[in-house]
Structures are given as structure tokens and as C-alpha cells.
1. Test Cys192 against the stated conditions and say whether it is in a strand (DSSP E or B) and either under 15 Å from the mean Cα position of the chain (by Cα) or assigned by TED's automatic domain parsing to the domain that holds Tyr94 (or both).
2. Restricting attention to the range 116-126, which residues are among the hydrophobic types (A, V, I, L, M, F, W, C) and either closer than 14 Å to Leu12 by Cβ or surrounded by 15 or more Cβ atoms within 10 Å (Cβ to Cβ) (or both)?
3. Which of the residues spanning the range 226-251 are crowded, with 20+ Cβ neighbours inside 10 Å and under 30 Å from Ser72 (Cβ atoms)?
4. Given the options Ala216, Ala158, name the one that is part of a helix (DSSP H, G or I) and not aromatic (Phe, Trp, Tyr).
5. Considering each of Leu191, Leu217 in turn, give the residue that is touching a Cys at 6+ places or on another chain (Cβ under 9 Å) and either touching a residue at least 12 places away in the same chain (Cβ under 8 Å) or among the acidic types (Asp, Glu) (or both).
6. Between residues in the range 225-244 that are under 17 Å from Gly154 (Cβ atoms) and in the same structural domain as Val170 (by TED's automatic domain parsing) and residues that are surrounded by fewer than 17 Cβ atoms within 10 Å (Cβ to Cβ) and basic (Lys, Arg), which pairs lie under 9 Å by C-beta distance while being six or more apart or on different chains?
7. Give the residue, chosen from Gly110, Gly78, that is out of contact with any helix residue (DSSP H, G or I) (no Cβ under 8 Å at 6 or more places or on another chain), under 15 Å from Pro209 (Cα atoms) and surrounded by fewer than 21 Cβ atoms within 10 Å (Cβ to Cβ).
8. Which members of the range 162-184 meet the condition of being charged (D, E, K, R), surrounded by 13 or more Cβ atoms within 10 Å (Cβ to Cβ) and not in a loop (DSSP other than H, G, I, E, B)?
Amino acid sequence: MSSHEDLLTLALRIARDAGELLMKRPKTFEVSSKSTAIDIATQMDHASEKLIVEALLAARPNDGIIGEEGTSRPSTSGITWVIDPVDGTVNYLYDLPGWSISIGAQDNEGALVGVVHAPTIASTWSALRQGGAFFNGARITCNDPISLDRALIGTGFAYDVADRVEQARVVASLLPQIRDLRRMGSAAVDLCYVAMGGFDGYFEAGLKPWDRAAGALIATEAGAIVTTTPAGVTICAGPTLHPALASALAI
């Protein structure tokens, strides 16, 4: 495989295969903690990452890989995959819908391919750099123009409980200025919701590369602006809303 379209086709196939694996929920979960006691992974996070990594390397053995659950492999091809085998593990553990598999590919120019697959809500988003964004095969665009007082905003919260005090302050300040706020549980899906108009905007502090690698490209290709502040807050919204949302967040 050499063309960028083939990279996208490969990512779509592997994301769907991982989704099939994850839909076969185990009877019991083995839960381990990561950065904090509430930042968790299960045996299915590891199984999904193993499936994705093995499938990628079988097709493209010279590519690099960065995975949330620890896979780290340098690239000799110029392509590096950034994967989140289960984005929204808490949703997955509690059998709530909306968790996803996120697979992104990047080259020396930045994000190249993005796929986010959420099997519980029958949703697959995809994008190729300069090729547009798609939801279940149909082209999508973000909502624009949207004013702040009519904006439905998505967000997420940190696993470090100490950080949530400041996040609560930000939310309390923002709520009176917007239509409403939603917290869905998967950053990758939140970014894709902005891409397709399910949200008008989204913000979250502390996203990791695997949280945003695919979703940020999909949102960008759908016409949204995605930025990360020096404080580490990712903001995603259409061109009209983005500066107003950033100002409202005082960051």
C-alpha cells in the first residue's frame, strides 16, 4: 500500500474489526489504573490495541505506532499511526453507548488520515487531508455561523480530581452564556460531533495525542477550527464561534 487513500481504507477496516472485538463484552472485567485511580484500562483496551497494532504492521511493517496502552514504535516509512483502542473506557466499562476506536495517521506535514468508529451508535467518521470529512460515507460540514448564546457545547473532565475544581469554575462561568452543555465520554466522538453539526463547539483540557489525532483532522476537514492553548485546552468550533468560545473560556 502506498497511496493515502489506501491508508484510509486500511484504517477503516481495522477500526471496524476492533469494534467487532469490543462488542463481544466479557462477563467480567480486569480493571487497572493508569495516571490516577479513576483513569482506567481494561483487558479489552489491551486486546483492541493488540489487534490494531498487529493488523497495521501486517499491512505496513515499516510504519511507526503510538498507542494509548503503551505501544511505541519508530517509523522508517514516514508514516506514524496514533491509536486509541477504546476512547471512552468508562463508557465501555459501564456499558454506556458512544465509546469509540480512534485511528489516525500522520506524516512529516501533520495529520493525514483519521477514522473514528463508534459501533454502539452505528457511527463511523473519516477524513483524508484535503479530502473532506465523512459520516457513514456522506460528506459533512460543521455548523457555521453560530453565536455563543445559541451554541451547544461538548466537553470532558480530567482524571486528576484536583484539576476538576478549576474545570468546575470554567463550566459555571460558561453555562449562562451558551445554549447548553453536553458531556458524552469520548473526546474523539466529541470532535466528530462538531464536524457533523451534532455539537456547535467543544473544549477539553489535557487531551493526549491519541485522543485527538483522528477527530481533530475530521473536524478540520469539516471546516472547524481546532486549536490547543498554551494551557493545554483544546478548542474546536466553526470559524465564527471559535474565537467567541475561546474568549468565554478566558484562555
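The values are calculated or read from the model by the stated rules, or taken from the named source; none is laboratory data. What you see is a predicted model, and the numbers here were worked out from it, not measured in a lab. So basically every Cβ, Gly included, is an ideal-geometry build from the backbone, and we count neighbours across all protein chains shown.
1. no
2. Val116, Ala118, Trp125
3. Val226, Thr234, Ile235, Cys236
4. One residue alone meets the criteria, Ala216.
5. The unique qualifying residue is Leu191.
6. none
7. Of Gly110, Gly78, the one residue that is out of contact with any helix residue (DSSP H, G or I) (no Cβ under 8 Å at 6 or more places or on another chain), under 15 Å from Pro209 (Cα atoms) and surrounded by fewer than 21 Cβ atoms within 10 Å (Cβ to Cβ) is Gly110.
8. Asp163, Arg164, Arg182
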